[in-house]
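The values are calculated or read from the model by the stated rules, or taken from the named source; none is laboratory data. Worth saying up front: this structure is predicted, and the values here are computed from it rather than measured. As a convention, Cβ positions derive from the backbone with ideal geometry for all residues, glycine included, and neighbour counts pool all protein chains shown.
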Amino acid sequence: MSLNRNLQTIAAANGIGADANFGAVTPPLYLTTTFTFAGYEQARAYDYTRAGNPSRALLADTIAQLEGGAGATITASGMAAIDLVLGTLGSDDLIVAPHDCYGGTYRLIAARAAKGQFNVAFVDQSDEAALAAALRGRPALVLIETPSNPLMRVVDIHAVSTRAKAAGAKVAVDNTFLSPALQRPIALGADYVIHSTTKYLNGHSDVVGGAVVAADPDDAAQLAEWSNITGVTGAPFDAFLTLRGLRTLFPRIAQQQRTAGTIAAYLERHPRVAATHYPGLASHPGHAIAQAQQTGFGAMLSFELAGGADEVRRFVEAVEGFTLAESLGGVESLIAHPATMTHASMGAEARHAAGISDTLLRLSVGLEAEEDLVAGLERGFGALT
Ligand code: PLP
């Protein structure tokens, strides 16, 4: 694996022009469940698509190179990627997870812990004392999600990884919100990087998928083997589409984050906004860490609308340019109300403990013209007066 090629070039060109059969410029899609044996006891590189497939392998190799890992496993969803990493834990193991992570991650970890499959401590990882107390429990795994969904809290990956490793834990970072274009957790000390490729890596809101990158070759091999055993691997067609989307990751996210920066500044000044959460703002508590560990601030942000449930309803019904829908990272701008949508499954108590209020709105900023998006938000605020 060549590590010194420029990352944008890897995204745009890995595997291009490599087809030995016909010289296809775009890598072919291998829609086959099974592969011939060359002869008795002579398996080829691939024998069965659940275990391995060239289209999926090329996506895995590309993401592994972008993240600077030893290898990657492509899964059918981001949740399957998280579950694959959770599968490394035994019943006596402890996982330290963020108290304000994506609601589906919270639900999965809490449900498996309730079945006795491992123990969990959900902590505010920016709270020094809470983190130290959790690490005294000698966890096997520390899961970091930074910036967190939906509050955009920033965790110092290097600092937490160093402390987690000293406590004997492996570290997994969910890098979905930034992608390797803006943050590379393995270089900061992570053992695993998790992605919902559904978001920025594919970027077109038409494929659900996931990936786990491992820093260590043995861990990479173990995840690949386990993904075959449990059957969580992604479909080849999905891998083909995701790689097609990944080709434009860098220019997409560069423009999206420029617009997000403008929108964050606009929201921060707006009298109907009680708080704006965007790590690119100097007022954000994680701004300095984000500046140090990220190469950009990303295109996700959230804000607290001044008022209550009635204002939220009026705003989301009037806003233009942002479609009311879950998910993020696509070329189209979306607005979500975490309390009733993405984080509803957490339950009100866990949500309030995590600081996710009922007036919080989350924006995923797409590729539309900046002035149209600002004008669309203005329509939303106009409905409040
Ligand atoms: N991780 C984060 C940070 C997410 O936001 C999501 C989904 O929104 C997931 C994981 C789960 O990914 P998927 O929906 O592809 O299963």
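General remarks:
- Lone qualifier among Ala383, Ala309, Ala325 - being free of Cβ contacts under 8 Å to residues at least 60 places away in the same chain, of a type outside the set (D, E, K, R) and either more than 16 Å from the ligand (Cβ to nearest atom) or under 19 Å from Ala265 (Cβ atoms) (or both): Ala309
- Among the residues of segment 89-107, those identified as more than 15 Å from the ligand (Cβ to nearest atom) and surrounded by fewer than 19 Cβ atoms within 10 Å (Cβ to Cβ) are Gly90, Ser91, Asp92, Asp93.
- Residue match in segment 122-131 (condition: outside the structural domain of Met300 (by TED's automatic domain parsing), away from the ligand (no atom under 12 Å from the Cβ) and assigned to a strand (DSSP E or B)): yes
- Wholly enclosed strands (runs of 3 or more DSSP E) of segment 184-280 bearing at least 3 residues under 19 Å from the mean Cα position of the chain (by Cα), assigned by TED's automatic domain parsing to the domain that holds Gly103 and touching a residue at least 24 places away in the same chain (Cβ under 8 Å): 192-196, 210-214
- Options Ala140, Ala45, Ala121: the member that is more than 24 Å from the chain's Cα centre (by Cα) and aliphatic (A, V, I, L, M): Ala45
- Candidates Gly261, Gly296, Gly280, Gly286 - the one that is over 26 Å from Thr385 (Cα atoms) and touching a Phe, Trp or Tyr at 6+ places or on another chain (Cβ under 7 Å): Gly280
- Within segment 294-328, being at positive phi and touching a Gly at 6+ places or on another chain (Cβ under 6 Å) holds for one residue alone: Gly321.
- Search result, residues across segment 132-157 that are in a helix (DSSP H, G or I) and surrounded by fewer than 16 Cβ atoms within 10 Å (Cβ to Cβ): Ala132, Ala133
- Tally, over segment 301-321, of residues that are surrounded by 16 or more Cβ atoms within 10 Å (Cβ to Cβ) and out of contact with any strand residue (DSSP E or B) (no Cβ under 8 Å at 6 or more places or on another chain): 3
- Residue match in segment 75-83 (condition: within 24 Å of Pro150 (Cβ to Cβ) and touching a Pro at 6+ places or on another chain (Cβ under 6 Å)): no
- Test for Ala181: is it over 24 Å from Ala221 (Cα atoms), away from the ligand (no atom under 15 Å from the Cβ) and touching a residue at least 60 places away in the same chain (Cβ under 8 Å): yes
- You will find that of Leu66, Leu89, Leu59, Leu84, the residue that is part of a loop (DSSP other than H, G, I, E, B) and aliphatic (A, V, I, L, M) is Leu89 and no other.
- Looking across segment 152-167, the residues that are away from the ligand (no atom under 16 Å from the Cβ) and in contact with a helix residue (DSSP H, G or I) (Cβ under 9 Å, 6 or more places away or on another chain) come down to Asp156, His158, Ala159, Val160, Ser161, Arg163, Ala164, Ala166, Ala167.
- Each residue in segment 244-295 was checked for being in contact with a Leu (Cβ under 6 Å, 6 or more places away or on another chain) and among the basic types (Lys, Arg), and 1 of them qualify.
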